[in-house]
1. Mind listing just one residue for me: the one in region 74-94 that is in contact with a Gly (Cβ under 7 Å, 6 or more places away or on another chain) and farther than 20 Å from K125 by Cβ and, of those, modelled with the lowest pLDDT?
2. Could you tell me which residue of region 38-59 is modelled with the lowest pLDDT, considering only residues that are surrounded by 17 or more Cβ atoms within 10 Å (Cβ to Cβ) and assigned to a loop (DSSP other than H, G, I, E, B)?
3. Scan region 76-93 for residues that are touching a Phe, Trp or Tyr at 6+ places or on another chain (Cβ under 9 Å) and outside any strand (DSSP E or B) and report the count.
4. Suppose we keep only residues that are hydrophobic (A, V, I, L, M, F, W, C) and not in a loop (DSSP other than H, G, I, E, B) within region 60-75. Which one would you say is surrounded by the most Cβ atoms within 10 Å (Cβ to Cβ)?
5. If you check D121 against the conditions, is it free of Cβ contacts under 8 Å to residues at least 40 places away in the same chain, surrounded by 13 or more Cβ atoms within 10 Å (Cβ to Cβ) and of a type in the set (D, E)?
6. Assuming F34 fulfils every condition listed in (1) surrounded by 11 or more Cβ atoms within 10 Å (Cβ to Cβ); (2) modelled with pLDDT under 70; (3) over 14 Å from the mean Cα position of the chain (by Cα) apart from one, which condition is it?
Amino acid sequence: MVVARKFNLKQSAAATVFVAWLILLVVAFYRFFFANLASFDQWATFDGSKLSTIARVAPGTIVHWSGSDCICNRYSEPHVADLQQRLDHYHHELIDLGVDTGRFANLAQFVPATPAVMVFDQDGKLAYFGPYSGGTVCGEGEDFVTRTDEMLRAGVNPHWINQESVGCLCANPTGTPKIESV
């Protein structure tokens, strides 16, 4: 009888360790893949029709927005470097919302989340504004910038304000729902 109890104690301890390990694994999985999963513009009220006139950027410019404290930058940085190399026919501006935004300060208030990107066509009109990609696994979704570039090369400006995309994003503390009054 005593032997049977020892065996049950060993099974109980093993089961406890297994359950604890399983819980830690689920928490780590969630933290890695889904903790920063968010909508680009949670209010979905932004009207970017006047953004091109406010922007004052050179035609054919891609403005890359990041946030100093945003963990999602680690996923977008390799993508940004790839875009700079592949889309070298654009002028690239890298703006960190946590630092002085300089001549782009007038645009910083319109960025609801980072990492984000604005693509301006050869006439200086906004072609795309939103996250680099979307998807449940951060940084692994569809490449919206390349898709926009392909449309521009075909002579079509999509005028795409991508508010509803979901991905690894960090809210911009200066971005507010008041941006609809642009």
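The values are calculated or read from the model by the stated rules, or taken from the named source; none is laboratory data. Everything numeric here is computed off the predicted structure, so don't read it as measured data. In this analysis, Cβ positions are derived from the backbone assuming ideal geometry, glycine residues included, and neighbour counts consider all displayed protein chains.
1. Y75
2. Checking each candidate, the answer is F46.
3. Within region 76-93, residues that are touching a Phe, Trp or Tyr at 6+ places or on another chain (Cβ under 9 Å) and outside any strand (DSSP E or B) number 6.
4. So the first thing to find is which residues in region 60-75 are hydrophobic (A, V, I, L, M, F, W, C), and the list is 62-63, 65, 70-72.
Subset that is not in a loop (DSSP other than H, G, I, E, B): 62-63, 65.
Working: I62: 23, V63: 22, W65: 26.
My answer is W65.
5. no
6. F34 satisfies all of (1) surrounded by 11 or more Cβ atoms within 10 Å (Cβ to Cβ); (2) modelled with pLDDT under 70; (3) over 14 Å from the mean Cα position of the chain (by Cα) except (3).
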